[in-house]
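A.B. asks: Take this structure first; my questions come after.
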Amino acid sequence: LIRENKTTEAERQLAILLRSKPNEPVALNLLGTIRAKQGRLNEAETLFVRSVVNDPRYSGARMNLAYLYLQKHEPAKAVVQLKEVLSAEPTNTDVMVMLGDAYLATNELAEAEQQYLGALDGRLDNAGALLGLAQISRAKGELKEVTIYLTRVGTLTANSTSPELLYKFALLALQVGMSDAAKAALENALKLRPNDPAYMLGYGIAWLRKGDLFEAEKV
């Protein structure tokens with residue numbers, strides 16, 4: 001029901017379950033997911049925390065809590081949750097990348113780099129990890145390395161279905177003068193999420209960097 005955006009019916013079913021089992025971790029996590037979708041982040045946080053308290057090994061609730069903390073710009077709290085998940089799932093590369101992002105947001109570059117390299121495990125096929133390493137190189141002023149990483153990410157994300165990843169890549173590409181790559185990524189992001197104001201703003205900046213004032217103004 002949640003996947004089909006039938007949130008009213010989903011809430012009704014969860015309410016029935018939680019009346020008889022008020023501490024059911026899965027139900028608490030699902031209701032937290034609904035509250036997060038509704039933008040009621042504080043309520044979502046409370047529900048996710050209750051879910052984790054009732055089942056400390058429930059990785060799904062911890063991941064949702066970590067996503068929430070990143071959304072609320074509280075990366076240090078996200079780090080705590082992600083480390084717990086990684087201790088239970090030490091080879092989960094998605095968690096490694098997310099933990100790297102959280103460390104990056106707290107400016108702990110060495111810890112972030114360790115997670116990204118762990119996610120790559122010697123292979124250059126994880127766009128999220130490579131993008132993280134590009135951001136670290138950018139912070140260190142290593143522009144040549146940034147370009148190398150971003151070129152590889154551009155290849156990997158050519159057919160990406162993640163508008164968030166495309167947007168994140170495009171922003172960094174714009175910062176280092178890779179306007180064509182940024183423009184292409186934002187075009188793909190807008191196909192997946194048309195009329196998103198942030199994506200459109202970035203797309204306009206890409207046109208501006210190319211010197212096309214007409215297209216920039218229109219976007």
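The values are calculated or read from the model by the stated rules, or taken from the named source; none is laboratory data. Quick caveat: nothing in here was measured; it's all calculated off a predicted structure. Quick reminder, even Gly has a Cβ in these numbers, built from the backbone with ideal geometry, and neighbours come from all protein chains shown. The area values use the complete protein model at the heavy-atom level, side chains included, leaving out ligands, DNA and RNA. Shrake-Rupley method; radii C 1.70, N 1.55, O 1.52, S 1.80 Å.
A.B. asks: If you go through the stretch 1-42 one residue at a time, how many are open to solvent by 70 Å² or more (accessible area, probe 1.4 Å) and acidic (Asp, Glu)?
C.D. replies: So the answer is 1.
A.B. asks: Filtering the stretch 151-199 down to residues that are in a helix (DSSP H, G or I) and charged (D, E, K, R), which residue is farthest from residue 219 (Cα to Cα)? Spell out the reasoning first.
C.D. replies: In the first step, residues of the stretch 151-199 are kept if they are in a helix (DSSP H, G or I); the result is 151-156, 163-175, 179-192, 197-199.
Retained after the next criterion (residues that are charged (D, E, K, R)): 152, 164, 168, 180, 183, 187, 191.
On the way: 152: 28, 164: 19, 168: 19, 180: 16, 183: 12, 187: 11, 191: 14 Å.
Residue satisfying both the conditions and the ranking: 152.
A.B. asks: Further question: Select from the stretch 43-85 the residues that are open to solvent by less than 30 Å² (accessible area, probe 1.4 Å) and closer than 20 Å to residue 126 by Cα and list them in ascending order.
C.D. replies: Listed by number, the residues that qualify are 82, 85.
A.B. asks: Kindly provide the set of residues from the stretch 162-184 that are small (Gly, Ala, Ser) and more than 19 Å from the chain's Cα centre (by Cα), ordered by number.
C.D. replies: Selection gives 177, 179, 181, 184.
A.B. asks: Identify, please: which residue in the stretch 157-175 is among the aliphatic types (A, V, I, L, M) and either in contact (Cβ under 8 Å) with a residue 40 or more places away in the chain or surrounded by fewer than 18 Cβ atoms within 10 Å (Cβ to Cβ) (or both) and is, among those, nearest to residue 199 (Cα to Cα)? First the steps, then the outcome.
C.D. replies: From the stretch 157-175, those among the aliphatic types (A, V, I, L, M) are 158, 165-166, 170-174; that's our starting set.
Applying the additional criterion that residues be either in contact (Cβ under 8 Å) with a residue 40 or more places away in the chain or surrounded by fewer than 18 Cβ atoms within 10 Å (Cβ to Cβ) (or both) yields 158, 171-172.
Numbers: 158: 17, 171: 10, 172: 13 Å.
Ranking the candidates gives 171 first.
A.B. asks: Something else now. Output the residue which, of all residues in the stretch 137-156 that are among the hydroxyl-bearing types (Ser, Thr, Tyr) and open to solvent by 30 Å² or more (accessible area, probe 1.4 Å), is farthest from residue 192 (Cα to Cα). Lay out the reasoning, then the answer.
C.D. replies: Going residue by residue through the stretch 137-156, those that are among the hydroxyl-bearing types (Ser, Thr, Tyr) are 137, 147, 149, 151, 155.
Filter once more, keeping what is open to solvent by 30 Å² or more (accessible area, probe 1.4 Å): 147, 149, 151, 155.
Numbers: 147: 25, 149: 24, 151: 22, 155: 18 Å.
Only one residue fits best here, namely 147.
A.B. asks: Counting just the residues of the stretch 185-219 that are farther than 20 Å from residue 132 by Cα, hydrophobic (A, V, I, L, M, F, W, C) and crowded, with 17+ Cβ neighbours inside 10 Å, which one comes out nearest to the chain's Cα centre (by Cα)?
C.D. replies: 190
A.B. asks: Which one is farthest from the chain's Cα centre (by Cα) among residues in the stretch 108-136 that are among the small types (Gly, Ala, Ser) and open to solvent by 10 Å² or more (accessible area, probe 1.4 Å)?
C.D. replies: Just the residues of the stretch 108-136 that are among the small types (Gly, Ala, Ser), to begin with: 110, 112, 118-119, 122, 127-129, 132, 134.
Checking which are open to solvent by 10 Å² or more (accessible area, probe 1.4 Å) leaves us with 110, 118, 122, 127-128.
Details: 110: 20, 118: 18, 122: 23, 127: 12, 128: 9 Å.
Going through the qualifying residues, I end up with 122.
A.B. asks: Please pick out the residue among 82, 68 that is among the hydrophobic types (A, V, I, L, M, F, W, C), free of Cβ contacts under 8 Å to residues at least 40 places away in the same chain, touching a Lys or Arg at 6+ places or on another chain (Cβ under 8 Å) and within 30 Å of residue 133 (Cβ to Cβ). Talk me through it step by step, then tell me what you get.
C.D. replies: Details: 68 fails: touching a Lys or Arg at 6+ places or on another chain (Cβ under 8 Å).
Every option except 82 fails the conditions.
A.B. asks: Can you pull out the helices (runs of 4 or more DSSP H) entirely within the stretch 46-150 that have at least 2 residues that are closer than 19 Å to residue 30 by Cα? Give the steps one after another, and end with the answer.
C.D. replies: Details: elements: 59-71, 75-88, 93-105, 109-120, 127-140.
Ranges flagged: 59-71, 75-88.
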